[in-house]
Amino acid sequence: MKLQKNVSIKDVAKAANVSVATVSRIINNNGRFSETTKIKVEQVINELGYEQNKLAVSLRSNESSTIGIMVPDITNEFFAAIVKKCEQRLFSAGYSSIICNTERSPEREQEYFRVLQEHRVDGLIIISSQESVLNLSNYSMLPILYIDRDPHSKSESIVSSDHHEGGKIATQYLLDLNLTPYLVMTRTESSATLDRVRGFKEILLKNSYQDPASHIISLDLTSDQFLKAAPQLNIFLERIAKQKKIGIFAINDNIAYMVIRAATQLGINIPNDLSVIGYDGTSYSEISSPRITTIVQNVDLISEHACSILINQIQDGKKQNNINYHVVSVPVYLDIKESTIKAV
């Protein structure tokens, strides 16, 4: 199959018998030209199949209609759902998306930031960046929206679930079931994780637990490794199984699934011997047997706030208005399923 030659603006001008400048004015709808000339040029554009070079347009206008989205782990179901919803909303608003998987690496995050700037993106969404990552807002005029990150300055826009409250809800529910709560987390220390841990500790202290840290186990793995064998988890489960009325708050649904699978292999019955609560409200909470009681995050509302705020920031920047920064906390809720004992 023979490839069609790209049609240039010069080809359009020649076919319409007008100057390149006239074609440019008509395409960009600025300057002076007659209605007759406009109709003739637009007809030639349609006949020849001319399309503007988007890179050249972005260089002239300093706008690319493109948004960068940085995600720490694209295989994580919750992160993937956020990316998908944001991409859909941005596309509907006339923006294309460039999606970058950072692998939770500060170095990769900063390198992608450099690459996206070279691609002249109009704005950037950063999902759940590490606490140690440099505040990129201080080094660029690029509008940036953070999802699931604590604010580091007043010049940041952030949309996040209320993870502190989510940690408190999960822990209090275990206590309401007359269970001794434990928290199983990973080595990942995002702000979302730390907020959940803080909520867990706060409720234990409120209920006269003198040493909340002794009720926390941090597995030497990341959430995407939840299907791997974890001897550390097995040892922990065997130890607490000797106690009665135990409940585990897993830092997310992946880890809750991991806990249930390991407990079942050890002969520990879920939920009669051990109750488990997850976090996120992903499909793992449904396909697990038993189905996982979980704290649900509102993906639709998070993506709606994130895209709306970022687009407004971009528009404010075009108008040279003062940019309004927002910090939005999205409520979470407890979805009770089968992995926790029934309340009496």
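Please treat every number below as a calculation from the coordinates, not as lab data. All values reported here derive from a predicted model rather than from experimental measurement. Every residue, glycine among them, receives a Cβ derived from its backbone with ideal geometry; neighbour counts consider all protein chains shown.
List of remarks:
- The chain: calculated mean residue ellipticity at 222 nm from DSSP helix runs of at least 4, using -39500 (n - 2.57): -13000 deg cm²/dmol
- Taking the charge dipole of the chain about its Cα centre, with +1 at Lys and Arg Cβ atoms and -1 at Asp and Glu Cβ atoms, the residue from ILE203, SER65, ILE235 reaching farthest to the positive side is SER65.
- Across region 163-297, Cα pairs under 8 Å and at least six residues apart give a relative contact order of 24 percent.
- The mean sequence separation of alpha-carbon pairs under 8 Å and at least six residues apart, normalised by the residue count of the chain, gives a relative contact order of 16 percent.
- Top of ILE302, ILE45, ILE67 by mean-square fluctuation, Gaussian network on the chain, Cα under 10 Å: ILE45
- DSSP H segments from the chain that extend 15 Å or more along their own axis, Cα-based, with Kyte-Doolittle mean of -0.5 or above: 35-48, 77-92, 191-206, 253-265, 299-318
- Here region 159-248 is treated as a sphere whose radius is the Kirkwood value from Cα pairs; by Stokes-Einstein at 20 °C and 1.002 mPa s it diffuses with a coefficient of 155 µm²/s.
- For the chain, modelled as a GNM whose springs connect Cα atoms under 10 angstrom apart, the maximal fluctuation among SER96, SER128, SER19 occurs at SER19.
- Convex hull of Cα atoms in region 175-299, direction-averaged projection (nm²): 7.5 nm²
- Here's how it looks for TYR50: its modeled amide H is under 5 Å from none belonging to a residue 5 or more places away or on a different chain.
- Approximating the spin labels as points 7 Å out from Cα along Cα→Cβ, the ARG108-to-SER289 distance works out to 3.4 nm.
- Whole-number Å³ per residue for the convex hull built on Cα positions in the chain: 178 Å³
- Full extension of the chain between ASP316 and GLU42 yields a length gain of 95.4 nm, computed as 0.36 nm times the residue separation minus the alpha carbon distance.
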